[in-house]
Amino acid sequence: MIRLTNTLARQKQPFEPLVPGQIGMYVCGVTVYDYCHVGHARVYVVFDVILRALQRLGYRVRYVRNFTDVDDKIIARAQKNGESCEALTERFIAAFHEDMDRLGCQRPDEEPRVTTHMAEIVSMVQTIIDRGHAYAVAGEFGGQDVYFSVDAFPAYGALSGRSQSDNQAGASERVAEDPRKRNQADFALWKSAKPGEPAWDSPWGAGRPGWHIECSAMSCKHLGPAFDLHGGGKDLVFPHHENELAQSKAANDAEFARYWLHNGFVTIDSEKMSKSLGNFFTIRDVLARFHPQVLRYYLLTAHYTQPLNFSDKALEEATRRVLYVSERLAQAEEILSRSGLMECPPCAPAQALLDEALDALADDFNTPKVLAVLAELMTLLTPAMAKPKVSENVATIARVHEVVQQLGHVLGLFWPSPAGLAAEIVESARTRLFPPESEQLAWVERLVAERTAARTGKDFSRADELRQELLRGGVEIRDTRDGTVWRPSLGEA
RNA sequence: GGCGGCAUAGCAAAGUGGUAAUGCAAGGGACUGCAACUCCCUCAUCCCCGGUUCGAAUCCGGGUGCCGCCUCCA
């Protein structure tokens, strides 16, 4: 039994899909005019885990996520860059895909674009007019604007929990009143074209869709007039999702989305990370310094509905954690490959922890709880790995490894292999901080060699001095049977 | 002004009526030439006040603080 926080119901409730075993999920995508920041990364990582969790719990999920490729900001940016809107949006769609691939997010089944769904959009606007929920007025440069009439839709406000009068006081003074609107809360379904802007033909003249209608039209086309899950960031609840809901129901008389999931913001110093505040880091900025799976792990350390504060410290902690688990799994794999164990007999404690983790996922996708279970699984490994020749222990290691890999798959972590990931994390930091042929690298190698010489000569005080110096320079030393190895410090305490 | 969310150890974060998961940090110990890695142990009564209850971090009322939405926003 899955339970989830439904914004529409304002509470956590049991989830029942329209069709048993099958789920339709629509998540609002990005407006493609710039690189995505960590706030975007959170939405898509969160919904990727939700997708994977639903799949793991036995559902077939049809996942749809749109691209908004017609918009004021796109037009403005394209003009500023002196390029076409198409060139701009293609570029940032490619960049988005690249970011998502690096973060390990599965591609949705459909990624509809506004520009390829004009017929559906126009048709839906017409239907809404025909049903008396919208009206056309004269546009600024000829043609007509079409507005949705909130007064003709009594249920307006159901999702965000506001009455129509709520929106007036205080807020309206910030927006110039439009005398053509019957109610100032009415919003555009179709905007007549301004000179020089991209436009499409319609019964109301050349123009383009309002922001909200695209999602109504595209979700309807790809998931039908009623479907299960609709998601996005909390900032979309009002007005975007409220308007989508009103339009869709006005057009189709169907239930539209039954459960609405909204994730909390990524914050910086407790303030929302956003373009307008300028306090954002792009995904690329962050991935230049931290491994994608480290960012992904960090994004799952808080429950998706809660705010998540962004900081280097948090990313550094995530780095240590992901590296620790990867290395332990890699060790386990070594032991297993040497043992020649073919079967994987059951291990009650590991099974219990797996069940606990799956229950946590079913309970509103509680990833922090899953990570806690993961930690407990790792401690289960300790006594077994201390005596890796005992066959009972090998069985435990095999089972725990298997369970952790399963959880890793749901979380999208520890791929392509634990050993591979651990190496990537260390090597990428090494290459970044101590590039080949660099002075820094030469410095490290010189001091390491000096220290080895000192140790060989039993000059331990000199050796310790050198280690301290390396540590101050961001290098950790480790003496092994095969000699001394070093790695960059991965974030200090 | 309207609507909504949150407040748990030094930090982060689960927990929605039965006597506080987990991670990081910190302290102690094992290991080590010394370290690192790893392992073991220790470390909170849950913003304040009042109420309901045999029993509340968890429910209700009242405060205080922080944040968000109401304009583009993930």
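The values are calculated or read from the model by the stated rules, or taken from the named source; none is laboratory data. It should be emphasised that the depicted structure is a prediction, and the values quoted were computed from it without experimental measurement. Using ideal geometry, Cβ is built from the backbone for each residue, glycine included, and neighbour counts are taken over all protein chains shown. What goes into the accessible areas is simple: the full protein's heavy atoms, side chains included, and nothing from ligands, DNA or RNA. Shrake-Rupley method; radii C 1.70, N 1.55, O 1.52, S 1.80 Å.
Please list, ordered by chain and number, the residues whose modelled amide H lies under 5 Å from the amide H of A:Asn263; skip anything fewer than 5 residues away on the same chain.
A:Gly232, A:Gly233, A:Lys234
Bin width 10 Å, origin at 0, all Cα-Cα pairs of region A:175-215: what percent of pairs per bin?
27, 47, 26
From zero outward in steps of 10 Å, how is the percent of C-alpha pairs of region A:19-285 spread across the bins?
So the P(r) values, bin by bin, are 6, 28, 36, 24, 5, 0.
Hey, can you grab everything whose amide H is under 5 Å from the amide H of A:Ala257? Only 5+ residues off in sequence or another chain; H modelled, so Pro and N-termini drop out.
Excluding prolines and chain starts, which carry no amide H, the hits are A:Phe227.
What ³J(HN,Hα) values, in whole Hz, does the Karplus curve 6.51 cos²θ - 1.76 cosθ + 1.60 give for region A:439-447 when θ = phi - 60°, with x put for Gly and Pro?
Each residue of region A:439-447 in turn: 4, 4, 5, 4, 4, 4, 5, 5, 5 Hz.
Amide H neighbours of A:Thr68 under 5 Å, at least 5 residues apart or on other chains, H built in the peptide plane: list them.
Answer set, sorted by chain and number: A:Val30, A:Thr31, A:Val32.
Rounded to the nearest 20 Debye, what is the dipole magnitude of region A:434-488 about its Cα centre when Lys and Arg each give +1 and Asp and Glu each give -1 at the C-beta?
220
With an 8 Å cut-off on Cα pairs and a minimum separation of 6 or more residues, tell me the relative contact order of region A:434-488 in percent.
Relative CO of region A:434-488 lands at 23 percent.
Please give the charge dipole size of chain A, origin at the Cα centre, charges +1 on K and R Cβ atoms and -1 on D and E Cβ atoms. Round to the nearest 20 debye.
Dipole size: approximately 720 debye.
With a 1.4 Å probe and every protein chain kept in, tell me what percent of the accessible surface of region A:128-272 is carbon plus sulfur.
Ligands and nucleic acids excluded, carbon and sulfur give 49 percent.
Find, among the trypsin sites (Lys or Arg not before Pro) in region A:77-166, those assigned to loop by DSSP (not H, G, I, E, B) with at most 14 other beta-carbon atoms within 10 angstrom.
Counting only loop positions with at most 14 other Cβ atoms within 10 Å, the trypsin sites (Lys or Arg not before Pro) in region A:77-166 are A:Arg131.
Would you mind listing how long region A:434-488 runs along its three principal axes, going by Cα atoms, in whole Å with the largest first?
31, 22, 15
Just subtract the alpha-carbon distance of A:Glu392 and A:Asp269 from 0.36 nm times their residue separation and send over the number in nm, one decimal.
Stretched out fully, the A:Glu392 to A:Asp269 stretch lengthens by 39.4 nm.
When the Cα atoms of chain A are enclosed in a convex hull and the volume is divided per residue, what value in Å³ results?
172
Can you tell me the alpha carbon radius of gyration of region A:317-423 divided by the globular rule-of-thumb value 2.2 N^0.38 Å?
Relative to the 2.2 N^0.38 Å estimate, region A:317-423 comes out at 1.02.
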